[in-house]
Structure formats: structure tokens, C-alpha cells
Amino acid sequence: MSEHKPASSSPTEAPSQDEQIGVVHNPWRDLRAFTAARIGLGRAGISLPTARLLEFQLAHAQAKDAVHWPLDVEALSGRLTEALATDAPIQLHSQASDRTIYLQRPDLGRLLDDTSQERLEAQGRSEGSQVDLALVMVDGLSARAIESHAVEFIEALHAELDADEHDWQCAPLTIVEQGRVAIGDEVGEALNARAVLVLIGERPGLSSPDSLGLYLTWAPRRGVSDAERNCISNVCPEGLKINAAAGRALYLLREARRLELSGVKLKDRSEDDVIEHDDNGPGNFLTS
């Protein structure tokens with residue numbers, strides 16, 4: 001007759017839920033606590049468990065909704081004016097007149113319409129002298145990202161700029177509807193800015209429908225290639241935190257100003273002091 005084994009390894013330790021119901025411990029559950037990726041989903045027969053399937057369907061619906069969610073420009077403008085105690089942002093629009101055209105014609109999302117061009121030209125003439133930085137907010141593929149994180153990021157970035165030794169002169173804020181990344185080049189050029197930083201809603205993923213992307217371009221102008229930009233991606237509560245993104249953006253802005261360039265020739269070394277980049281370590285086998 002086999003000896004009875006107690007449910008708990010210690011007489012004073014309460015049995016876990018798995019032990020109470022006689023389920024073998026699944027280490028994938030522990031790993032899932034560290035990532036939003038869909039790992040260790042389990043199965044029910046030959047299919048996914050109902051709960052996991054419903055979670056996927058919800059995430060897919062949220063991603064689709066994010067793409068079509070309209071940007072509330074007036075509300076965002078009001079929040080920025082109150083938070084920064086500044087004039088209302090300049091409201092602009094791309095040549096994509098509505099969301100359907102925006103999704104079908106990416107090229108039109110990269111160019112300002114005639115009214116916006118005239119508005120910026122008038123603003124540029126009134127400002128006159130060159131400025132260091134233009135901040136451009138673009139709805140992109142997730143207006144939710146702009147609505148959720150743009151104000152907080154700009155507040156954090158302004159704090160970094162104010163504390164920096166260089167006196168950063170900034171152009172008036174702008175908000176662009178139905179825009180793509182490259183539209184910031186035209187805005188920066190019209191505002192006579194040495195650098196432009198575009199805040200844009202990134203393509204929604206199944207775990208991040210509100211992810212913000214940041215694109216830095218030195219000497220913005222029409223026709224700049226993507227190779228001349230630096231990108232900071234996945235700025236959201238589940239990804240890169242707002243303050244960390246603002247610090248990284250300031251680092252890139254400093255370096256872009258010092259070297260007078262951006263893109264592939266400008267490397268993000270803002271984390272060189274972390275253990276992965278220790279000079280005493282073995283290094284990368286591709287470059288050693």
C-alpha cells in the first residue's frame with residue numbers, strides 16, 4: 001500500500017490552487033507574467049481555451065478600432081494649452097481628405113494640403129528667425145496613442161529641455177490630421193526649424209493599440225529619406241516609459257545638434273552604461 005503524500009511540502013504551508021485542484025504546475029504561467037506576448041496559451045482539445053480566444057478577439061477589435069479612431073483635435077489642443085501655458089497648437093491637415101483615402105494612399109498622408117501650407121508659410125514669415133526644434137503631433141495609425149500620451153510626453157520633454165545647458169528655441173506646436181511620418185519634414189521646413197520631432201500613433205499591435213512613435217530628423221525638408229531619421233518606438237505604459245523616452249529624445253537631439261545630422265549616422269548610445277554594453281565584456285562577435 002503506497003504512502004499518502006501530503007498536499008503541501010510543509011505542514012504549515014497552505015496548498016497552492018494548482019495543488020488543491022490536482023493540476024500539474026505550468027511554468028508558462030510564470031513566464032506570461034513578464035510579457036504581453038501570447039505564449040503558453042494552452043489548449044482545449046485541438047483548440048485554444050475559450051478565455052484565450054476571447055482575449056485575442058478583444059485585442060484584435062481594439063487594434064482595428066484604434067486605426068479608425070478619429071483624433072479629437074480640439075480636446076487635445078485644449079489640454080496642451082492648459083498643460084504648457086502656451087498658445088493653442090497650429091491645426092493642420094494632410095492631402096488625405098478622410099480616413100479611407102489615408103489608408104489607401106499613404107503618399108497623400110505625407111503632404112500638407114494647400115490650406116495648411118498657406119497657414120504655415122504665414123507662421124514662418126511672422127516668426128522670422130530659425131528655431132532649434134519643431135514638435136509635430138500626427139494621428140498616424142493610432143489617434144489613441146496621441147490622445148493618451150502626447151501631452152505627458154511633451155511635458156516631460158519640455159522639462160528635459162529646460163534643464164539642459166543649451167537654450168532650446170522651439171517653434172509653435174502643430175497637430176496634423178491624417179498624417180504620416182514624413183509630413184513632419186514639410187512642417188519643420190516651413191517653420192524654419194533645425195530639427196523636427198514627430199510624435200505619431202504607431203500601427204496597433206495585438207498587445208499595444210496605443211503605442212506612440214517618435215521620429216527625429218535634422219534639417220527637415222521635403223524628400224528626406226527614412227535613412228535620415230532616428231526612431232524611438234513603443235512609447236506606452238506597457239513599453240518604453242514616458243520619462244525614459246523623453247530622456248532618450250533629449251540625448252538624440254543633443255547629438256543631432258552637435259553633429260548636425262540624424263539617421264543611420266547618429267547612434268543612440270544613451271544606454272551605454274548598462275551591463276550589455278560593458279567594454280570589459282566579450283563584445284559582439286560580429287564586430288570584435
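The values are calculated or read from the model by the stated rules, or taken from the named source; none is laboratory data. Source: prediction; values computed, not measured. Cβ sites come from the backbone with ideal geometry, for glycine too, and all protein chains shown count toward neighbours.
Among the residues of segment 66-113, those that are within 20 Å of Gly124 (Cα to Cα) and among the β-branched types (Val, Ile, Thr) comprise Thr86, Ile90. With the condition kept exactly as written, say whether any residue in segment 189-197 is touching a strand residue (DSSP E or B) at 6+ places or on another chain (Cβ under 9 Å), surrounded by 23 or more Cβ atoms within 10 Å (Cβ to Cβ), under 30 Å from Asp65 (Cα atoms) and touching a residue at least 12 places away in the same chain (Cβ under 8 Å). Within segment 189-197 (the criterion being touching a strand residue (DSSP E or B) at 6+ places or on another chain (Cβ under 9 Å), surrounded by 23 or more Cβ atoms within 10 Å (Cβ to Cβ), under 30 Å from Asp65 (Cα atoms) and touching a residue at least 12 places away in the same chain (Cβ under 8 Å)), the answer is yes, since at least one residue qualifies.
Each residue in segment 200-248 was checked for being surrounded by 22 or more Cβ atoms within 10 Å (Cβ to Cβ) and among the charged types (D, E, K, R), and 3 pass. Against the numbered list (1) surrounded by 23 or more Cβ atoms within 10 Å (Cβ to Cβ); (2) at pLDDT 95 or above; (3) under 17 Å from His149 (Cα atoms), Ala182 comes up short only at (3).
Results for (1) surrounded by fewer than 24 Cβ atoms within 10 Å (Cβ to Cβ); (2) in contact (Cβ under 8 Å) with a residue 24 or more places away in the chain; (3) at positive phi, shown as yes or no for each residue.
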position: Val131; (1), (2), (3): yes, yes, no
position: Val136; (1), (2), (3): no, yes, no
position: Gly140; (1), (2), (3): no, yes, yes
position: Ala163; (1), (2), (3): yes, no, no
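Mind checking whether some residue in segment 108-121 is of a type outside the set (A, V, I, L, M, F, W, C) and within 22 Å of the chain's Cα centre (by Cα)? Even if it seems obvious, please write down each step before you answer.
At the first step, the residues of segment 108-121 found to be of a type outside the set (A, V, I, L, M, F, W, C) are 109-110, 113-119, 121.
Then keep just the ones that are within 22 Å of the chain's Cα centre (by Cα); that gives 109-110.
Yes, there is a match, as at least one residue in segment 108-121 is of a type outside the set (A, V, I, L, M, F, W, C) and within 22 Å of the chain's Cα centre (by Cα).
Sub-6 Å Cβ pairs linking a first residue in segment 50-79 that is over 17 Å from Arg203 (Cα atoms) to a second residue that is surrounded by 13 or more Cβ atoms within 10 Å (Cβ to Cβ) and of a type in the set (A, V, I, L, M), at least 6 apart or interchain, are Arg52/Leu41; Val73/Ile175; Ser77/Ala88; Arg79/Val151, ordered by first then second residue. If you filter segment 165-179 down to residues that are buried (at least 20 other Cβ atoms within 10 Å of the Cβ) and out of contact with any His (no Cβ under 9 Å at 6 or more places or on another chain), you find that the one that is nearest to Ile90 (Cα to Cα) is Thr174.
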